[in-house]
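The values are calculated or read from the model by the stated rules, or taken from the named source; none is laboratory data. Note that the coordinates shown come from a computational prediction; the quantities given were computed from them, not determined experimentally. As a convention, Cβ positions derive from the backbone with ideal geometry for all residues, glycine included, and neighbour counts pool all protein chains shown. Accessible surface areas use protein heavy atoms only, side chains included; no ligands, DNA or RNA. Shrake-Rupley method; radii C 1.70, N 1.55, O 1.52, S 1.80 Å.
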Amino acid sequence: MNLIRKFATAAAMTALMTASALAQTVLKSSDTHPDGYPTVEGVKYFGELVKQRTNGRYSVEVYHSAQLGQEKDTIEQVRSGVIELNRVSMAPFNGTVKETIVPALPYLFRSEEHMHKVMDGAIGDQIKAAFEPAGLVVLAFYDAGARSFYNKTKPINSVADMKGLKFRVIQSDIFVDMVAALGANATPMPYGEVYSAIETGVIDGAENNFPSYDTAKHFEVAKNYSLDEHTILPEVFVMNKGAWDKLTPEDQAIFKQAATESVAKQRELWAAKVAESRKIVEAAGSQITTPEKQGFIDAMKPVYDKHVTDEVLKKMVADVQAVQ
Ligand code: GTR
């Protein structure tokens, strides 16, 4: 074999090895919810599109049911690159990515339609950009409906009924202060600990949307669900920035497009799941009340006064309110 042929063979071998190495790039994604939950299915759909469109060079494996840990821990994993992808709530970012405070504010969004318009537009882009200094690229915002309070002690028909109750909240100071403003007590704790905390009476209840209340089985231990709909906070699907930067511009475009298409899919699945979960919990004996909402809205002033402090946030809040 002459020298030139030797080199050509070696180059071909290297090219082949690189291609097969790429073919094995499996991106790990975490989710606290069980298989079949709309967020899990949204990310799986994203993965299928990415796999098809990169001819199998990239694929996604979703570790559902908190297999990789509770949300706060998995956020550290995706920030440090231990995993490449993660689907989480935005509330645990309230302390690190200031702009996420805006969608977490109680009663800021007038409806889910209003939230979609805001998050699909310029303010959504501003929030996405704010994740980059935290080492994350936002691929999508997914629906999580509205969060409401539920408890094992009594039905809630007005703010007065909240007095003295103990609620688990998602790990964010805004949620702690919201509960305090309603005359109740908040305990931030990981999602996976809520069921037994209610069961043993450490807390009276928690707050979440119907699909979480259903699939985490909280309805078994807290039967009074009050549709106060205090927060319409979307989920976020993020990618480690280092992993993103390793993609070619063509692959980045494929990932972005797949994420956009997965949003439409997730929204469709979400709407169906909300209706299904509500039926399940009602059939199991949950009592759903519709409390007088204005009292809840009026009580939120101290939360805004404390958290919407700088000019950036004040402008964002005004911008959100101006979106019709
Ligand atoms: C759910 C959300 C989860 C998790 C959970 C919680 O609605 O989808 O990502 O944040 O709430 O309350 O911890």
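Could you identify the single residue in 54, 96 that is open to solvent by 10 Å² or more (accessible area, probe 1.4 Å) and hydroxyl-bearing (Ser, Thr, Tyr)?
On the way: 54 fails: open to solvent by 10 Å² or more (accessible area, probe 1.4 Å).
Just a single option satisfies the conditions, and that option is 96.
Any idea which residue in region 106-123 is least open to solvent (accessible area, probe 1.4 Å), counting only those that are within 22 Å of residue 301 (Cβ to Cβ) and touching a strand residue (DSSP E or B) at 6+ places or on another chain (Cβ under 8 Å)?
106
Look through region 299-318, keep the residues that are assigned to a helix (DSSP H, G or I) and acidic (Asp, Glu), and return whichever of them is farthest from residue 174 (Cα to Cα).
Of the residues in region 299-318, the ones assigned to a helix (DSSP H, G or I) are 301-307, 311-318.
Then drop every residue that is not acidic (Asp, Glu), which leaves 305, 311.
Numbers: 305: 11, 311: 18 Å.
Checking each candidate, the answer is 311.
So which of 266, 321 is in contact with a helix residue (DSSP H, G or I) (Cβ under 7 Å, 6 or more places away or on another chain), assigned to a helix (DSSP H, G or I) and polar (S, T, N, Q)? Spell out how you get there, then give the answer.
Details: 321 fails: in contact with a helix residue (DSSP H, G or I) (Cβ under 7 Å, 6 or more places away or on another chain).
One residue alone meets the criteria, 266.
Return the pairs, sorted by first residue and then second, in which the second residue is open to solvent by 20 Å² or more (accessible area, probe 1.4 Å), the first residue lies in region 123-135 and is in contact (Cβ under 8 Å) with a residue 40 or more places away in the chain, the beta carbons are less than 6 Å apart, and the residues are 6+ apart or on different chains.
That search, which allows pairs on different chains as well, returns 123/319; 134/96; 135/79; 135/241.
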